[in-house]
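Engineer: So that we are looking at the same thing, I have put the structure below in structure tokens.
Readers should treat all values here as calculations from the given coordinates under stated rules, not as data from a laboratory. Since the structure is predicted, the reported quantities are computational estimates derived from the model, not experimental observations. Cβ placement follows ideal geometry from the backbone for every residue including glycine, while neighbour counts extend to all protein chains displayed.
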Amino acid sequence: MAVTINHDKCIYCGACVATCPYLALRLREVYVEVYPDKCVDCGLCVKACPMGCITLPKK
Amino acid sequence: MSSEILGFPGIKDEYDIIIVGAGPAGALAAREAAKKGASVLVLDRRKELGAPVRCGEGLGAKYPEKFGIKLSPGAISAHINGARVIAPNLKDDIIIRTPETKGFVLDRKVFDKDLAKDAARAGASIFSKAEVYDLIQEGGKVKGVKVNFDGGKREVRSKIVIAADGAESVIARLAGMKDGVSTLYDTDYGMEYEMANVKLEENGKDFSDLIELFFGREWAPRGYTWIFPKGKDVANVGVGIGGLEAPNAIHYLHKFLADPRMKYRLGNASIIATKGGAIPVCQPLKEFVKDGFMVTGTAAHQVDPIHGGGIGLALNAGRLAGIVAGECALENKVDAASLDRYKKIWYEEEWGKFGKRLALRKVLEKMNDDDFNSILSTINDKDIDLVLEGKFAPVVQKVLVKRPQLLKVLTVLVNL
Ligand SMILES: Cc1cc2nc3c(=O)[nH]c(=O)nc-3n(C[C@H](O)[C@H](O)[C@H](O)COP(=O)(O)OP(=O)(O)OC[C@H]3O[C@@H](n4cnc5c(N)ncnc54)[C@H](O)[C@@H]3O)c2cc1C
């Protein structure tokens, strides 16, 4: 599993990338890419996102 | 495959120094290293340097001159003569007009490009739309980068790699540089609108040459809300909150914009740009270098812990990293011990102020809105000036007369 980014809302500011301890997110100029193999659903990026556009997978 | 056109001055296979990121830190590092005579490659992911902007764009007046930067007219959006600090009640305020509060609100799209142009003129080779996706590491040592350019992936080797990749600091972290101190709690998260048709005056008072900082948990828990003018009726209006403060920055920005007390000034404003980002407001990284590798600017957490300003510190840190890298590359001494001169000089130049401001941040974080309201109705502009200079004792005394319950929190500052 991995977090989901609402790309309609995302302003690709990179705050989530800066926050992720697992380097599971990368800023790709005009979007943020999630690497599901690295994401451990810890939710730190969800808390960090200034736009509130990241969600954890439903349990 | 990437296009191979005969004669196109593309990326070569090897350089003395590769710099990842062409923000203020990377550009100054490139300029200084190139001036020393080293061959320098700068790679930036952005297809247009400086854009999109992720910054409030405030910069102290002393920096450009100090670091040999000539601001082109287009790089300056507004000249600033002071700061206005507003209490949580949105009523009490203090206006400070001192050399420390003089400065500019920049246009970073122009400013960042100007810095890159200077680096190019000094001899650095710069490429935009060139994303570094990994490092070449051999036996635990960084030997170069892997870059995505013109649709092709390739490796470029160097004696030194400098990570100037800003808050995300993916490159610094790929090299194993972590601070081990900072956490989500010690990072600010910011959201900002550039707005037009803003009123930079109210009740006959003109705020157009002031940066305005609104304090209080109600508006920005463990941070502040700002209005930075960018013209007579244009401004960056933003908020930075401490990490882990719920729900998120945009919530607080919208709350501020919707407050009836801000209606006159912001009620009819339009949003012409949306910006955001993370700002580390903690200790700098424990180590700035390892063999063949350096970290500089916001990637190294060289950011003012009080106001989250990172441009000025990035300029100086990049400059120092570039000087040391240039010298070390030419002498072929790129081990950690040689490169560490950069950290030594940085501490000599910056730590005195930085350390004090780190302590002040910890104190400010403990205050509630009643504390802020009380303090801002007690002290004056001269007191704030003393605080900015790191002379806390007389101000603490004054505050404690009216608010003795802050005794424990504030004594830390007196003992610095
Ligand atoms: C909302 C907000 C408001 C702010 N307001 C202010 C303010 O008013 N005043 C102030 O002084 N500071 C402010 N800051 C902080 C300031 O923006 C930064 O501290 C400053 O830009 C740091 O400069 P830098 O050169 O270290 O990094 P950056 O300016 O972030 O530059 C890093 C560069 O590296 C590039 N890069 C990153 N990763 C890669 C990669 N893998 N490959 C290639 N290129 C890469 C990026 O594209 C970027 O161009 C604010 C920050 C935010 C988020």
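Engineer: Under a no-solvent Debye model with one identical scatterer per Cα of the stretch B:300-400, what's log10 I(q)/I(0) at q = 0.10, 0.15 Å⁻¹?
Structural biologist: Cα-only, vacuum Debye calculation for the stretch B:300-400: -0.42, -0.72.
Engineer: Would you please give the residues with an amide H less than 5 Å from that of B:D107, counting only those at least 5 places away or on a separate chain, with H modeled from the backbone geometry?
Structural biologist: Long-range HN contacts for B:D107: B:I76, B:S77.
Engineer: A further question follows. Over chain B, what is the relative contact order in whole percent, taking alpha-carbon pairs under 8 Å and six or more residues apart? Kindly include the intermediate steps, with their values, before the conclusion.
Structural biologist: Working: 922 pairs, mean separation 83.1, N = 416.
Rounded, it is 20 percent for chain B.
Engineer: Quick one: net charge of B:Q137's neighbours, Cβ under 15 Å, K/R +1, D/E -1? Write down the numbers at each step before the final one.
Structural biologist: On the way: positive: B:K141, B:K143, B:K146, B:R157, B:K159, B:R173, B:K290; negative: B:D134, B:E138, B:E155, B:D291.
Charge balance near B:Q137 sits at +3.
Engineer: Viscosity 1.306 mPa s, temperature 10 °C: Stokes-Einstein D of the stretch A:4-55 from its Kirkwood Cα radius, in µm² per second?
Structural biologist: Estimated diffusion coefficient is 149 µm²/s.
Engineer: Next up: Could I get the Rg over Rh figure for the stretch B:109-221? Both from C-alpha atoms, Rh via Kirkwood, rounded to two places.
Structural biologist: Details: Rg = 21.0 Å, Rh = 18.8 Å.
Rg/Rh for the stretch B:109-221 comes to 1.11.
Engineer: Tell me the relative contact order for the stretch B:366-414 as a rounded percent, counting alpha carbon contacts under 8 Å between residues six or more apart. Mind dumping the intermediate values first?
Structural biologist: Numbers: 26 pairs, mean separation 19.2, N = 49.
Normalised by residue count, the contact order of the stretch B:366-414 is 39 percent.
Engineer: Rg and Dmax of the stretch B:366-414, Cα atoms, in Å?
Structural biologist: 10.0, 25
Engineer: Now, a different point. May I ask you to evaluate 6.51 cos²θ - 1.76 cosθ + 1.60, the Karplus curve with θ = phi - 60°, for each residue of the stretch B:223-239 and list the ³J(HN,Hα) values in order in whole Hz, giving x for glycine and proline?
Structural biologist: x, 7, 9, 9, 10, 10, x, 10, x, 6, 9, 10, 7, 7, 10, x, 9
Engineer: How well do other chains shield peptide A:41-52, expressed as the mean number of their Cβ atoms within 10 Å of each residue Cβ?
Structural biologist: Working: counts 0, 0, 0, 4, 1, 1, 8, 8, 8, 19, 8, 7.
The mean count of partner-chain Cβ atoms within 10 Å per residue comes to 5.
Engineer: Using θ = phi - 60° and the Karplus curve 6.51 cos²θ - 1.76 cosθ + 1.60, what whole-Hz ³J(HN,Hα) does each residue of the stretch B:55-61 get, with Gly and Pro shown as x?
Structural biologist: 6, x, 6, x, 9, x, 5
Engineer: If you don't mind, there's one more thing I want to ask. Suppose we keep just the alpha-carbon trace of the stretch B:36-147; what are its Rg and Dmax in angstrom?
Structural biologist: For the stretch B:36-147, the Cα-based Rg and Dmax read 19.1, 60 Å.
Engineer: Net charge near B:G326: determine it from the other residues with C-beta under 9 Å of the C-beta of B:G326, scoring Lys and Arg +1 and Asp and Glu -1.
Structural biologist: Working: positive: B:K35, B:K36; negative: B:D16, B:E32, B:E327.
Net local charge, B:G326 excluded: -1.
Engineer: Cα centroid distance between the stretch B:379-393 and the stretch B:346-374, in Å?
Structural biologist: Cα centroid of the stretch B:379-393 versus Cα centroid of the stretch B:346-374: 12 Å apart.
Engineer: Stokes-Einstein D for the protein assembly as shown at 4 °C, 1.567 mPa s, Kirkwood Rh over Cα pairs, in µm²/s?
Structural biologist: Details: Rh = 22.9 Å.
The Stokes-Einstein estimate is 57 µm²/s.
Engineer: Taking K and R as +1 and D and E as -1, what net charge do the other residues with C-beta under 13 Å from the C-beta of B:G231 add up to?
Structural biologist: Details: positive: B:K199, B:K230, B:K232; negative: B:E57, B:D107, B:E194, B:D209, B:D233.
Overall, the nearby charge balance is -2.
Engineer: Return the sequence-ordered ³J(HN,Hα) values of the stretch B:294-304 in whole Hz as given by the Karplus equation 6.51 cos²θ - 1.76 cosθ + 1.60 applied to θ = phi - 60°, using x for Gly and Pro.
Structural biologist: Whole-Hz 3J(HN,Hα) from phi for the stretch B:294-304: 9, 10, 8, x, 4, 4, 9, 6, 8, 9, 4.
Engineer: While we're looking at this one, here's another question. 222 nm [θ] for the protein assembly as shown, helices only, -39500 (n - 2.57) per DSSP H run of 4+, per residue, to 500? Display every interim value, and only then the final one.
Structural biologist: On the way: 15 runs with 146 residues, N = 475.
That comes out to -9000 deg cm²/dmol.
Engineer: Hey, if you drop one equal point scatterer on each alpha-carbon of chain B and run the Debye formula without solvent, what base-10 log of I(q)/I(0) do you get at q = 0.13 Å⁻¹?
Structural biologist: -1.10
Engineer: Among the trypsin sites (Lys or Arg not before Pro) within the stretch B:1-106, which fall in a DSSP loop and have no more than 14 other Cβ atoms within 10 Å of their own Cβ? The partial results should precede the final answer.
Structural biologist: Values: sites: B:K12, B:R31, B:K35, B:K36, B:R45, B:R46, B:K47, B:R54, B:K62, B:K66, B:K70, B:R84, B:K91, B:R97, B:K102; in loops: B:K12, B:K36, B:R45, B:R46, B:K47, B:R54, B:K70, B:K91, B:R97, B:K102.
Sparse-neighbourhood loop trypsin sites (Lys or Arg not before Pro): B:K12, B:K47, B:K70, B:K91.
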